[in-house]
Amino acid sequence: MPYKIELDREKLKNELTPLEYNVCLNHGTEPPFQNEFWDNKAEGIYRCKCCKTPLFSSETKFDSGTGWPSYFKPVADDVIEEIEDNTLGMTRVEVRCAACGSHLGHVFPDGPAPTYLRYCINSASLDFEEKK
């Protein structure tokens with residue numbers, strides 16, 4: 001599927017850490033409880049690491065106990081893309097940035113009200129812009 005923003009993999013290889021590159025472009029996963037934003041409590045906006053599109057707000061972040069940043073909804077429905085993921089012998093729903101296709105994480109139906117969704121997102125796929 002073509003995205004609005006085409007990522008330059010070679011450029012990103014030089015700009016991102018190996019972990020960030022693996023998560024965003026190779027659909028990897030970072031370790032739980034050992035990532036930048038899992039316990040971040042500052043107010044602000046979480047953006048796509050690759051294209052800077054606003055994705056999640058601190059207002060929808062919650063402690064899921066999983067060790068990854070979790071949100072009950074994105075900033076808008078059209079900023080993420082959900083794709084069936086049948087890897088690892090199970091069916092899950094992968095979450096990608098709708099603007100550039102960067103892998104963000106997965107969404108699960110066990111979150112809090114009002115959506116009852118848990119967007120379990122890799123810190124390595126995000127930048128954080130603290131509210132001023």
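Could you tell me which chymotrypsin sites (Phe, Trp or Tyr not before Pro) in region 71-132 are loop residues by DSSP with no more than 12 other beta carbons within 10 angstrom of their beta carbon?
Answer by residue number: Y116.
Over region 55-132, with the other protein chains present, what is the accessible area per residue in square angstrom, probe 1.4 angstrom?
Using a 1.4 Å probe on heavy atoms only, each residue of region 55-132 averages 48 Å².
For F37, list long-range residues whose amide hydrogen, built 1.01 Å from N in the peptide plane, is under 5 Å from its own amide hydrogen.
Answer set, sorted by chain and number: S123.
Taking GluC sites (Glu not before Pro) as exposed when DSSP calls them loop (any state but H, G, I, E, B) and at most 15 other Cβ atoms lie within 10 Å, what is the longest stretch of the chain free of them, the sites themselves excluded?
Details: sites that count: E6, E36, E43.
The reported range is 44-132.
Which chymotrypsin sites (Phe, Trp or Tyr not before Pro) from region 4-50 combine a DSSP loop assignment with at most 16 other Cβ atoms within 10 Å?
When the chymotrypsin sites (Phe, Trp or Tyr not before Pro) of region 4-50 are filtered for loop state and at most 16 Cβ neighbours within 10 Å, F33 remain.
Roll a 1.4 angstrom probe over the protein heavy atoms and tell me the percent of accessible area of region 34-104 that is carbon or sulfur.
On region 34-104, the fraction of accessible area on carbon and sulfur atoms equals 48 percent.
With each run of n ≥ 4 DSSP H residues scored as -39500 (n - 2.57), what mean residue ellipticity at 222 nm is computed for the chain after dividing by its residue count and rounding to the nearest 500 deg cm²/dmol?
Taken over the chain, the calculation gives -3000 deg cm²/dmol.
Would you mind calculating the relative contact order of the chain from Cα pairs under 8 angstrom and at least 6 residues apart, reporting the percent as a whole number?
Details: 281 pairs, mean separation 37.6, N = 132.
For the chain, the relative contact order is 29 percent.
Rounded to two decimals, what is Rg over Rh for the chain when you use alpha-carbon atoms and the Kirkwood radius? Can you show the working numbers first?
On the way: Rg = 13.8 Å, Rh = 14.7 Å.
Using only Cα positions, Rg/Rh for the chain is 0.93.
The values are calculated or read from the model by the stated rules, or taken from the named source; none is laboratory data. Predicted, not measured: the structure shown is a model, and the values here were computed from it. Every residue, glycine as well, gets a Cβ built from its backbone with ideal geometry; the counts of neighbours run over all protein chains shown. Side chains included, ligands, DNA and RNA excluded: accessible areas come from the protein's heavy atoms. Shrake-Rupley method; radii C 1.70, N 1.55, O 1.52, S 1.80 Å.
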